[in-house]
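First the structure, in the form of structure tokens, and then the observations on it.
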Amino acid sequence: NSGVVCLLRPLLLDVVPSIRQTTALALGRLADYDVDLAEAVVKAGILPQLICALPEENRYYKKTAAFVLRAIAKHSPQLAQAIVQCGALEMLVICLEDFDPGVKEGASWAFGYIARHNPELSQAVVDAGAVPLLVLCIQEPEIALKRIAASTLSDISKHSPELAQTVVDAGAIAHLAQMILNPDAKLKRQVLSALSQIAKHSVDLAELVVEAEIFPVVLTCLKDSDEYVKKNGATLIREIAKHTPELSQLIVNSGGVAAVIDCIGSCRGAVRLPGIMTLGYVAAHSENLSMAVIVSKGIPPLCVCLIEEHEDHIKAAAAWALGQIGRHTAEHARHVAVANVLPTLLDIYVDTRSSDDLKMKATLKNILQKCTYLPALEPLLHEAPPNIMKHIIGQFSKVLPHDSKARRLFVTTGGLKKVQEIKAEPGSLLQEYINTINSCYPEEIVR
């Protein structure tokens, strides 16, 4: 408000280097503070002055100039675009080639803040020639530089298969894969994130990541003491599992499913989410892969998530994963039903506080369409709403005509009595199911 930004501008051209540097630092801190101040710095025409003599400046000034660019770029795509338009990317590339690790780090950071906004800005970073230099940066000995370069490669890769491919073509995967075992947790977070952002786009990219021999090494990350390393490790496995049955089979063969199940059991909240999704993706691909999840004891921890977690989206993921496990055959559905999860799902479904997405995932339909294990279905008869009741009655109408023991139990537990209380539309599918059940018994018992 006092017009300080305009007062600082001429000081960027001062003859004394330390004044130029301190001025840039002041502008960077102002721009970092909020979006309005960042816009004021851009409107004052400071960017061209900041970068005009950058190649000749000392390393302290270069570091500070990169900080100003990053502080402006972080707020919005529009501000990041302003940095691109003033020709700053070429100057940042010169900084990436500097011998000083701190200057490289500052430039990497600025590139990351520009690239993360959208595919167009990310493409501008690629076109400026930053990617091969960032791949060189992750090979430098300085841990801070490795971290930020890996993070920037992740930000570039995330938008599209084409952008991820440019990172792959620069040889990034092999170097990133080697760092999965690095003892530095913050570096591991960024490395796993970058590999996830590459693998997520397509089968081909996921296969390239797998070919870098990340299994079984990446499974150690699921036991890491750092929550973000755990989460990013599970995310990487999820992004690979989702593509094909073959990639999921590879994860199963390397002990990945068991490791993911342990991970879900050992943590809480959002850290669990990618692991839950992984089990759902693996189970969705085929009967055999779903059975692999069952045999590895994947159902109980998913049931625990439904009860323990408070966030609807995490519960929804667990309900979805259970549906993927149970939807293949009667045997698969029986394993889910025996875990006594159906009443929990029903409670979630009828709970008015549940979100629409959670209700949709908890409808039980996937499991009920295959489930012929009547002892698990019977308790639901007494509390299920009409749209779920139809599926439950449907399963009874399939099993009871062929199973005398089940028929006896159905009477003694009050199931048959409950069926008589259901009001079905004449001629509806539900009425057909009820008629089929009633025809299994002598008329006086039905009465």
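Among residues belonging to region 333-366 that are of a type in the set (Val, Ile, Thr) and not in a helix (DSSP H, G or I), point out the one that is farthest from Pro386 (Cα to Cα). So, considering only residues that are of a type in the set (Val, Ile, Thr) and not in a helix (DSSP H, G or I), the one farthest from Pro386 (Cα to Cα) is Val341.
Anything in region 118-157 that is over 15 Å from Gln190 (Cα atoms), open to solvent by 50 Å² or more (accessible area, probe 1.4 Å) and either among the polar types (S, T, N, Q) or touching a Leu at 6+ places or on another chain (Cβ under 9 Å) (or both)? List them, or say none. Listed by number, the residues that qualify are Pro119, Gln123, Asp127, Leu136. Met389 satisfies every condition listed in (1) under 44 Å from the mean Cα position of the chain (by Cα); (2) touching a residue at least 40 places away in the same chain (Cβ under 8 Å); (3) open to solvent by 20 Å² or more (accessible area, probe 1.4 Å) except (3).
Name the single residue, out of those in region 165-197 being hydrophobic (A, V, I, L, M, F, W, C) and open to solvent by 10 Å² or more (accessible area, probe 1.4 Å), that is farthest from Tyr228 (Cα to Cα). First the steps, then the outcome.
Initially, region 165-197 is screened for residues hydrophobic (A, V, I, L, M, F, W, C), giving 167-168, 170, 172-174, 176-177, 179-181, 185, 187, 191-192, 194-195.
With open to solvent by 10 Å² or more (accessible area, probe 1.4 Å) added as a condition, the list becomes 168, 170, 173-174, 177, 179, 181, 185.
Numbers: Val168: 24, Ala170: 27, Ile173: 20, Ala174: 22, Ala177: 17, Met179: 16, Leu181: 15, Ala185: 8 Å.
The selected residue is Ala170.
Only residues that are of a type outside the set (Val, Ile, Thr), over 20 Å from Ala258 (Cβ atoms), outside any loop (DSSP other than H, G, I, E, B) and open to solvent by 30 Å² or more (accessible area, probe 1.4 Å) were counted across region 198-226, and they come to 4. So for region 34-55 (the condition being within 20 Å of Ala150 (Cα to Cα), in a helix (DSSP H, G or I) and in contact with a helix residue (DSSP H, G or I) (Cβ under 8 Å, 6 or more places away or on another chain)), does at least one residue qualify? No: region 34-55 contains no residue that is within 20 Å of Ala150 (Cα to Cα), in a helix (DSSP H, G or I) and in contact with a helix residue (DSSP H, G or I) (Cβ under 8 Å, 6 or more places away or on another chain). In region 33-74, the qualifying residues are those that are among the hydroxyl-bearing types (Ser, Thr, Tyr) and open to solvent by 50 Å² or more (accessible area, probe 1.4 Å), and the one that is nearest to Asp98 (Cα to Cα) is Tyr60. Just so you know, in region 367-387 the residues that are closer than 21 Å to Ala321 by Cβ and not in a helix (DSSP H, G or I) include one that is modelled with the lowest pLDDT, and it is Gln369.
Take the conditions in contact (Cβ under 8 Å) with a residue 40 or more places away in the chain and either of a type in the set (Ser, Thr, Tyr) or open to solvent by less than 40 Å² (accessible area, probe 1.4 Å) (or both) and apply them to Gly28. Does it pass?
On the way: in contact (Cβ under 8 Å) with a residue 40 or more places away in the chain: yes; either of a type in the set (Ser, Thr, Tyr) or open to solvent by less than 40 Å² (accessible area, probe 1.4 Å) (or both): yes.
Judged against the criteria, Gly28 is a match.
Every residue, every condition in (1) open to solvent by less than 10 Å² (accessible area, probe 1.4 Å); (2) in a helix (DSSP H, G or I); (3) touching a Gly at 6+ places or on another chain (Cβ under 9 Å), yes or no:
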site: Lys231; (1), (2), (3): no, yes, yes
site: Ala234; (1), (2), (3): yes, yes, yes
site: Ile261; (1), (2), (3): no, yes, yes
site: Gly265; (1), (2), (3): no, yes, no
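Restricting attention to region 319-332, which residues are over 27 Å from the mean Cα position of the chain (by Cα) and in a helix (DSSP H, G or I)? Spell out how you get there, then give the answer.
Step one: filter region 319-332 for residues over 27 Å from the mean Cα position of the chain (by Cα), giving 329-331.
Listed by number, the residues that qualify are Ala330, Glu331.
Return yes or no: is Arg272 under 22 Å from Cys305 (Cα atoms), assigned to a helix (DSSP H, G or I) and open to solvent by 20 Å² or more (accessible area, probe 1.4 Å)?
On the way: under 22 Å from Cys305 (Cα atoms): yes; assigned to a helix (DSSP H, G or I): yes; open to solvent by 20 Å² or more (accessible area, probe 1.4 Å): no.
When the stated conditions are applied, Arg272 does not pass them.
Let's see how each residue does on (1) surrounded by fewer than 15 Cβ atoms within 10 Å (Cβ to Cβ); (2) modelled with pLDDT under 85; (3) more than 18 Å from Lys390 (Cα to Cα):
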position: Pro401; (1), (2), (3): yes, no, no
position: Ala406; (1), (2), (3): no, no, yes
position: Lys418; (1), (2), (3): no, no, no
position: Ala424; (1), (2), (3): no, yes, no
position: Asn438; (1), (2), (3): no, no, no
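Residues that are more than 26 Å from Ala164 (Cβ to Cβ), in a helix (DSSP H, G or I) and touching a Gly at 6+ places or on another chain (Cβ under 6 Å) do not occur anywhere in region 84-96. For region 341-370, the tally of residues that are open to solvent by 60 Å² or more (accessible area, probe 1.4 Å) and over 22 Å from Tyr281 (Cα atoms) stands at 4.
Taking region 399-413 on its own, how many of its residues are assigned to a helix (DSSP H, G or I) and closer than 21 Å to Gln369 by Cα? Final tally of qualifying residues: 7.
The values are calculated or read from the model by the stated rules, or taken from the named source; none is laboratory data. As the structure is a prediction and not an experimental result, all values here were calculated from the model. No Cβ is skipped: glycine too gets one built from the backbone with ideal geometry, and neighbour counts run over all protein chains shown. The accessibility values were calculated without ligands, DNA or RNA, using every heavy atom of the protein model including side chains. Shrake-Rupley method; radii C 1.70, N 1.55, O 1.52, S 1.80 Å.
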